[in-house]
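The values are calculated or read from the model by the stated rules, or taken from the named source; none is laboratory data. A quick note: this is a predicted structure, and the numbers were derived from the prediction, not measured. For neighbour counting, all protein chains shown are included, and Cβ atoms are generated from backbone atoms with ideal geometry for every residue, glycine included. Surface areas here come from the heavy atoms of the whole protein model, side chains and all, with no ligands, DNA or RNA. Shrake-Rupley method; radii C 1.70, N 1.55, O 1.52, S 1.80 Å.
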2 protein chains.
Amino acid sequence: MQALGRHILAEVYGCKFEVLNDIKKVEDIMINAALEAGAEVREFVFHKFSPQGVSGVVVISESHLAIHTWPELGYAAVDVFTCGDKVDPWDACNYLAKHFGAEYVNATEVKRGIIEQGQEERLVVNI
Amino acid sequence: MQALGRHILAEVYGCKFEVLNDIKKVEDIMINAALEAGAEVREFVFHKFSPQGVSGVVVISESHLAIHTWPELGYAAVDVFTCGDKVDPWDACNYLAKHFGAEYVNATEVKRGIIEQGQEERLVVNI
């Protein structure tokens, strides 16, 4: 069995309200987390909610990073999804946890796109 | 304990190459999946890769939908992340599985942002 992607679901707790509610800071940290891991940034969109909270996504050649912040709880839900061997999603995860000033992070890696041995070759041949 | 969000990780298999490689079709299906579930679309970005594959994200008021396609494998990795009670992420997931013409889908729901009883009130008071 082979996995096409690695997807980290990170629960980031204990961050400062001011950071999680600042769209520019959140955007900078997420883009720099992608770059720090060696990813190639393709597109990004961020949105500021009223009265508080930021949502945003960075599309990278290797998949994406996403964040949703609850500044009033000091909490952010972060996803780092990468495919290929070039980028280690934990590099991005560690970078952003540090730069958000998280008190603690609960992160899990999920394998995405489990392709059984031989399936890839068969499917490619069938196209 | 209370969860702030519901996140479906869907492994979508057995789709047609032509659909998964068509950025406009992928974009339409993902945006309509969000709307079908009653979500409010805020932003979206999609990117077409060479020689094949599409990545894209729809930021909704209730969080986001994301997709990465491997047309040569008939496979797409899809995320549907919602917060609040208004939108059921499974409505979006079922819609997109149907419209991608998936042969089978392996989907799991993960709770995001587990906040312990009383933590929310304490944190709000502390701000």
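Summary table below
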| read-out | value |
| --- | --- |
| Listing of the range B:1-19 residues, each with accessible area lower by at least 50 Å² in the full protein assembly than in the chain alone (probe 1.4 Å) | B:4, B:9, B:13 |
| At 7 Å out from Cα toward Cβ: residue B:49 inter-copy label distances (nm, ascending) | 3.0 |
| Most positive-pole-ward Cα, B:26, B:37, B:50, against dipole of the range B:25-66 from beta carbon charges | B:50 |
| Cβ neighbours within 10 Å from other chains - mean over B:68-78 | 5 |
| Accessible surface buried once B binds A (1.4 Å probe; total of both sides; Å²) | 3400 |
| For residue A:107, label point 7 Å along C-beta direction: distances to other copies, nm | 2.8 |
| Using a 7 Å Cα-to-Cβ projection, residue B:86 label spacings across copies, nm, ascending | 3.9 |
| Karplus-derived 3J(HN,Hα), 6.51/-1.76/1.60, for each residue of the range A:68-74, Hz, glycine and proline x | 9, 10, 10, x, 5, 10, x |
| Cross-link partners of residue A:86 among lysines (Cα-Cα below 25 Å; sequence separation of 8 or more within a chain) | A:98, A:111, B:48 |
| For the range B:37-45, Karplus couplings with θ = phi - 60° (6.51, -1.76, 1.60), whole Hz, Gly/Pro x | 7, x, 7, 9, 6, 9, 8, 8, 9 |
| Stokes-Einstein D (µm²/s) once Rh is taken as the Kirkwood radius of chain B over alpha-carbon pairs, at 4 °C in 1.567 mPa s | 86 |
| Unit charges on C-beta of K, R, D, E only; dipole of chain A, Debye | 180 |
| Given charges at beta-carbon only (K, R positive; D, E negative), |dipole| of the protein assembly as shown in Debye | 160 |
| Closest approach to the axis - chain A beta-carbon, rotation onto B, Å | A:57, 2 |
| Kirkwood-type radius of the protein assembly as shown, with distances r between different C-alpha atoms, in Å | 18.2 |
| 1.4 Å probe accessible area per residue over the protein assembly as shown, in Å² | 44 |
| Exercise: per-residue mean of other protein chain Cβ atoms within 10 Å, A:87-94 | 0 |
| Test item: Cα-centred dipole of the range B:1-74, Lys/Arg +1 and Asp/Glu -1 on Cβ, debye | 80 |
